[in-house]
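Presented below is the structure to which this report refers.
The values are calculated or read from the model by the stated rules, or taken from the named source; none is laboratory data. Please read these numbers as outputs of a predicted model, since none were measured by experiment. Backbone-built Cβ (ideal geometry, glycine too); neighbour counts: all protein chains shown.
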Amino acid sequence: MNWSDDGIILGGRRFGEGGLILDVLTSQRGRRSGLVYGGASRKRRAQYEAGNTVALAWSGRLDDQLGRFDVAESRRERASRLLEDPAALSAVSAITSILRASMNEGDAAGSNLYEATVLLLDELEHPDIWPALYVRWELGLLSALGFGLDLEECAITGANDGLTHVSPKTGRAVRGSEAEQYVDRLLALPDFLMLPAAPLQPGDIAAGLKLTGHFLENRLFAAVHRGVPPERGRLVLRLLSKA
């Protein structure tokens with residue numbers, strides 16, 4: 001069996017003398033793994049940095065068994081372009097670690113995340129833009145993997161405007177004015193997550209990260225019995241220290 005695709009490298013682990021088992025998020029087949037002969041060599045190391053996009057071909061006897069990757073070329077090498085930006089490099093680590101930990105081999109749901117992930121990775125060279133995109137990406141990740149929030153209308157009144165908070169238990173949006181008696185128990189819903197053109201306000205990134213982080217931990221990763229990758233925590237600390 002054979003197929004070809006583009007893939008975002010999520011990471012790899014050594015295999016044997018010089019082999020590398022490469023984990024990728026492909027555009028058509030979700031998360032996949034394959035053995036790259038000689039992939040652990042120093043000469044080829046830069047090509048297989050997490051966050052790079054490569055063209056690859058997979059071959060194997062059965063689709064659900066570990067096959068072989070032939071990596072034809074790099075579509076885009078990102079890590080080398082971000083060496084002077086620790087926050088952006090931390091974002092690459094968080095993005096790829098979250099994808100790697102939240103999906104199993106062959107999980108086709110990851111295909112729905114491919115274009116959004118490429119967009120986010122490409123914007124990491126623009127520090128004024130990508131933190132908001134990153135929070136939106138986490139929100140989209142939750143939705144793509146079946147743990148999306150219900151932000152269409154107020155859980156109390158059914159109104160679809162003026163939504164300011166989210167219930168940490170149900171994941172449904174509410175108007176803070178309708179829940180004054182327990183608003184301190186709710187998670188803030190920043191405007192930029194509801195209105196793409198809304199300007200960022202002080203504290204919005206922190207509020208967005210708290211919101212998505214809660215559901216990453218208590219829904220997505222709780223369902224797969226794993227903790228949120230520590231790379232995300234390190235990214236959050238960097239972003240909050242800059243806020």
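For first residues located in the range 176-198 and exposed (fewer than 15 other Cβ atoms within 10 Å of the Cβ), partners that are among the aromatic types (Phe, Trp, Tyr) and lie 6+ apart or on another chain with Cβ distances below 6 Å form the pairs 198/192.
Apart from one condition, residue 202 fits all of (1) touching a strand residue (DSSP E or B) at 6+ places or on another chain (Cβ under 6 Å); (2) in the same structural domain as residue 102 (by TED's automatic domain parsing); the exception is (1). Here is a list: 40, 50. Which entry is modelled with pLDDT of 85 or more, not assigned by TED's automatic domain parsing to the domain that holds residue 89 and not in a strand (DSSP E or B)? Selected residue: 50, the only one of 40, 50 that is modelled with pLDDT of 85 or more, not assigned by TED's automatic domain parsing to the domain that holds residue 89 and not in a strand (DSSP E or B).
Of everything in the range 174-219 that is part of a loop (DSSP other than H, G, I, E, B) and farther than 29 Å from residue 129 by Cβ, the residue that is modelled with the highest pLDDT is 175.
Taking each residue of the range 200-211 that is without any contact (Cβ under 8 Å) to a residue 40 or more places away in the chain and looking for partners that are surrounded by fewer than 19 Cβ atoms within 10 Å (Cβ to Cβ) and in a helix (DSSP H, G or I) with beta-carbon atoms closer than 6 Å, six or more apart or interchain, yields 206/240. For the range 164-174, filtering for residues that are buried (at least 20 other Cβ atoms within 10 Å of the Cβ) and over 12 Å from residue 215 (Cβ atoms) leaves 3. Sort out which residues of the range 97-116 are touching a Ser or Thr at 6+ places or on another chain (Cβ under 9 Å) and surrounded by 17 or more Cβ atoms within 10 Å (Cβ to Cβ), and write them in order of number. Once the filter is applied, which keeps residues that are touching a Ser or Thr at 6+ places or on another chain (Cβ under 9 Å) and surrounded by 17 or more Cβ atoms within 10 Å (Cβ to Cβ), the range 97-116 yields 99, 110, 111, 114. For the range 117-136, a residue qualifies if it is buried (at least 17 other Cβ atoms within 10 Å of the Cβ) and farther than 19 Å from residue 212 by Cβ, and exactly one does: 118.
I need the full set of residues from the range 12-29 which are of a type in the set (Gly, Ala, Ser) and modelled with pLDDT under 90, in order please. Can you show your working first?
Here is the first cut: in the range 12-29, the ones of a type in the set (Gly, Ala, Ser) are 12, 16, 18-19, 27.
Hits for the range 12-29 are 12, 16, 18, 19.
Restricted to the range 220-241, and to residues that are touching a residue at least 60 places away in the same chain (Cβ under 8 Å) and part of a loop (DSSP other than H, G, I, E, B), which residue is nearest to residue 103 (Cα to Cα)? Top of the filtered list is 224. Among the residues making up the range 88-147, those that are part of a helix (DSSP H, G or I) and among the charged types (D, E, K, R) are 100, 115, 122, 123, 125, 136, 138.
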